[in-house]
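First the structure, in the form of structure tokens, and then the observations on it.
The values are calculated or read from the model by the stated rules, or taken from the named source; none is laboratory data. Keep in mind that this is a model prediction, so the values were computed, not measured. Positions of Cβ are backbone-derived with ideal geometry, glycine not excepted, and every protein chain shown enters the neighbour counts. Calculation scope for accessible area: heavy atoms of the full protein, side chains included, ligands and nucleic acids excluded. Shrake-Rupley method; radii C 1.70, N 1.55, O 1.52, S 1.80 Å.
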Amino acid sequence: MEELEKLKLELKSLNSEYARIKEVPAEKRGEFGRELNAKKNEILAKIKAKEEELLDTEVLPLDITAPCAPNEEIPKVYSVFEGSKHPLMTELDRVVEIYQLMGFDVMESRQLDDEFHMFDSLNFAKEHPARDGYDTFRTEEGLIPPAHTSTMQHRVLKAYKDKLENDGEIAVVVPGRVYRNEDVDATHEHTFYQCEGVYVSKTCTMGDMLGILREFFEKYYEQKLNIRTQPGYFPFTEPSLEFMIEKPKSLGGKKGDFLEMLGCGMIHPNVLKMAGIDPTKYHGFAWGGGIDRLVMLRYGLKDVRHFESGNLNFLKEF
Ligand code: DAH
């Protein structure tokens, strides 16, 4: 580009030379003129060649697989960052695999859901203030990008109802992306991931649930953990608990440093009933918790916003 500008300036300066023609003695004017014209033509030819050259590179089709910008000269030595799996997806695979090894099936969640699955099927009474606790987004058509993976509970129960009668149990986990209309900061994102668990049988108890959750967290963090629960409230479980683990020393934790990892409880009889399962015959427990938080603790990450940032410097570390 610079070269082109230089040539155009040269062409301009020829004009003042042409203006000087009057000062040249008459007998030399012819030669002077010819020389100027030759110079002008030479510059014009160079400008044309340069413009064509630039045009050639500008019309290069955009190759999105190219390792560098297509209009730049390809550097002789360059390193290609081939891309990699997003750390959340790698960790989600690990999470799901641990549950699969315990015998759980996997059902994927969805990105758009409705009022019924978000609230009604989960025993949220109409107009109940608990509905506001989920900071849901809504589309203009009134659909809801799910604010938790619990929206899948009703579908899981219905889809596995026959299996429950034949095999005596339902054991399913549901990983999924969820959305909340939150003020974003280092510990809150509008988009994050959860994993839900649903278990139903004739004889299961809260003790079974705590055993499964302990096993999961100890496998995930590859060490023995201290766990604790405290009462919680969710309309779809009764009783409801918050499940906590003591932050391990190896991950910078101190004694008594308990972190809430998920919500859980015994599935409310109304939730079973709405899916056509007889709550006098069957019991169930369910849990759901954030994947981002799980991963942040594992890698000592301080800011949840990294995950959705698309920042290559962050992603390349995994
Ligand atoms: N869905 C709840 C939330 O996002 C977490 C939860 C609580 C899931 C209790 C459950 C449950 O399945 O039984 O806050």
- prompt: of a type in the set (A, V, I, L, M), part of a helix (DSSP H, G or I) and within 23 Å of Val172 (Cβ to Cβ), is that true of Leu241?
  reply: no
- request: Specify the residue that is nearest to the ligand (Cβ to nearest atom); the eligible residues are those in region 226-244 that are charged (D, E, K, R) and open to solvent by 50 Å² or more (accessible area, probe 1.4 Å).
  value: Glu238
- request: Could you please let me know if Lys163 is among the basic types (Lys, Arg), surrounded by 13 or more Cβ atoms within 10 Å (Cβ to Cβ), farther than 29 Å from Lys316 by Cβ and in contact (Cβ under 8 Å) with a residue 24 or more places away in the chain?
  value: no
query: Pairs under 6 Å by beta carbon, first residue more than 10 Å from the ligand (Cβ to nearest atom) in region 187-202, partner part of a strand (DSSP E or B) and of a type in the set (Ser, Thr, Tyr), six or more apart or different chains?
result: Thr191/Tyr179
task: From Glu108, Glu97, Glu127, grab the single residue that is at pLDDT below 95, open to solvent by 60 Å² or more (accessible area, probe 1.4 Å) and within 30 Å of Glu222 (Cα to Cα).
output: Glu108
- prompt: Which one of these is part of a loop (DSSP other than H, G, I, E, B), within 13 Å of the ligand (Cβ to nearest atom) and open to solvent by 30 Å² or more (accessible area, probe 1.4 Å): Glu141, Glu182?
  reply: Glu182
- prompt: Of Lys254, Lys273, Lys247, which residue is closer than 21 Å to Val174 by Cα, more than 15 Å from the ligand (Cβ to nearest atom) and in the same structural domain as Lys158 (by TED's automatic domain parsing)?
  reply: Lys273
query: In this structure, is Gly276 modelled with pLDDT of 95 or more and either assigned to a loop (DSSP other than H, G, I, E, B) or under 27 Å from Asp93 (Cα atoms) (or both)?
result: yes
query: Which one is farthest from Lys161 (Cα to Cα), of the residues in region 276-301 that are near the ligand (Cβ under 9 Å from one of its atoms) and within 23 Å of the chain's Cα centre (by Cα)?
result: Gly290
